[in-house]
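The values are calculated or read from the model by the stated rules, or taken from the named source; none is laboratory data. Please read these numbers as outputs of a predicted model, since none were measured by experiment. So basically every Cβ, Gly included, is an ideal-geometry build from the backbone, and we count neighbours across all protein chains shown.
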Amino acid sequence: MRELIPMTRQDDTTRRHFLALAGGAAVVGAVQILTVRPAEATPAMQSAAIRDVVGTAVVHTGKVKLDIPPLVENGNTVPMTVSVASPMTAEDHVRSIHVFNEKNPQPNIGNFVLGPRAGRAQVATRIRLADSQKITAIAHLADGSFWSASVDIVVTLAACTEEVI
Amino acid sequence: MAALINVPPRAKRGDIIEIKTLMSHIMETGYRHTADGAVVPRDIITSFSCRYNGTEIFRADLFPAIAANPFISFFTVADASGTFEFEWIGDRGFSATAKAAITVE
């Protein structure tokens, strides 16, 4: 009987060892799953994408209105309307509208090329949002100036990167 | 490859009209994985354009961040009777066109 007591203790320690090892393996597994996911765009990538469009020009705030619901349930299809206060004449019109995001896998959402024949500088579409983030719309006017508007959006169900079932 | 186009059939000269377009397309982002870890290759519409009596009045570059079945609406000034021609171009040789007529009085 006396000899049996240390035996059970030994058993106990090996089980503990096993559990510790299993726990460690689970942690390693979790890390691997995290690294498999594609990297998301960062605010730095967003500003780089904006620089690609505007070059060295100064981007002013104003004139642009970005209509997106501030709280989005489903990031797979989010209605978005961008409008710019502009008379849309031959001398003073919007050349193009560019929309950027912060945290989707890619910083671009869309580029829209308009002209004086548009009559009204307004574009609507439906977009995907992979996370709660800031969306920026930039308008390029005929005089070469850039104007922007940004909106913060909270997304409950993310899009873009979910698994195919 | 079904397109839905909404253009007012008639308008007064100088009216600003809204044009709504929708093209059925999966817009696969290229960032999704199957259950066994393989990447689902990207398949999106990359470019959309609209010509009004032969002149391009609107163009858009689309990215994976545009939702499936891309809906795009924009405006133009109705200045002559004629046709709108729409064109969508995408990955894997995707190409689709549609037309709509307008009478301007």
Examine the stretch A:81-104 for a residue that is facing chain B (nearest Cβ under 8 Å) and in contact (Cβ under 8 Å) with a residue 24 or more places away in the chain, and state whether such a residue exists. yes
Out of the stretch B:1-34, which residues are of a type in the set (Ser, Thr, Tyr), part of a loop (DSSP other than H, G, I, E, B) and touching a residue at least 12 places away in the same chain (Cβ under 8 Å)? B:Ser24, B:Thr29, B:Tyr31
Only one residue in B:Ile17, B:Ile45, B:Ile89 is over 11 Å from the mean Cα position of the chain (by Cα) and either among the β-branched types (Val, Ile, Thr) or modelled with pLDDT of 95 or more (or both). Which one? B:Ile17
Restricting the search to the stretch A:112-126, which residues are touching a Pro at 6+ places or on another chain (Cβ under 8 Å) and surrounded by 23 or more Cβ atoms within 10 Å (Cβ to Cβ)? A:Thr125
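Take the stretch B:54-64 and flag every residue that is within 11 Å of chain A (Cβ to nearest Cβ) and in a loop (DSSP other than H, G, I, E, B). Walk me through how you get there before you give the answer.
First, pick out the residues of the stretch B:54-64 that are within 11 Å of chain A (Cβ to nearest Cβ): B:55-64.
Of everything in the stretch B:54-64, those that are within 11 Å of chain A (Cβ to nearest Cβ) and in a loop (DSSP other than H, G, I, E, B) turn out to be B:Phe63, B:Pro64.
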Residue list for the stretch A:123-144, restricted to those being of a type in the set (A, V, I, L, M) and outside any loop (DSSP other than H, G, I, E, B): A:Val123, A:Ala124, A:Ile127, A:Ile135, A:Ala137, A:Ile138, A:Ala139, A:Leu141
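Based on this model, can you work out whether B:Ile72 counts as more than 12 Å from every other protein chain (Cβ to nearest Cβ) and either part of a strand (DSSP E or B) or in contact (Cβ under 8 Å) with a residue 12 or more places away in the chain (or both)? Write out each step before concluding.
Details: more than 12 Å from every other protein chain (Cβ to nearest Cβ): no; either part of a strand (DSSP E or B) or in contact (Cβ under 8 Å) with a residue 12 or more places away in the chain (or both): yes.
No; evaluated as a whole, the condition is false for this residue.
Condition check: within 7 Å of chain B (Cβ to nearest Cβ), touching a His at 6+ places or on another chain (Cβ under 9 Å) and surrounded by 23 or more Cβ atoms within 10 Å (Cβ to Cβ). Does A:Ile109 satisfy that? Break it down stepwise before answering.
Values: within 7 Å of chain B (Cβ to nearest Cβ): yes; touching a His at 6+ places or on another chain (Cβ under 9 Å): yes; surrounded by 23 or more Cβ atoms within 10 Å (Cβ to Cβ): yes.
So A:Ile109 passes the test.
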Can you confirm whether the stretch A:155-163 contains a residue that is touching a His at 6+ places or on another chain (Cβ under 7 Å), modelled with pLDDT under 95 and more than 24 Å from B:Arg51 (Cα to Cα)? yes
B:Gly37 fails exactly one of (1) part of a strand (DSSP E or B); (2) more than 25 Å from A:Pro79 (Cβ to Cβ), namely (1)
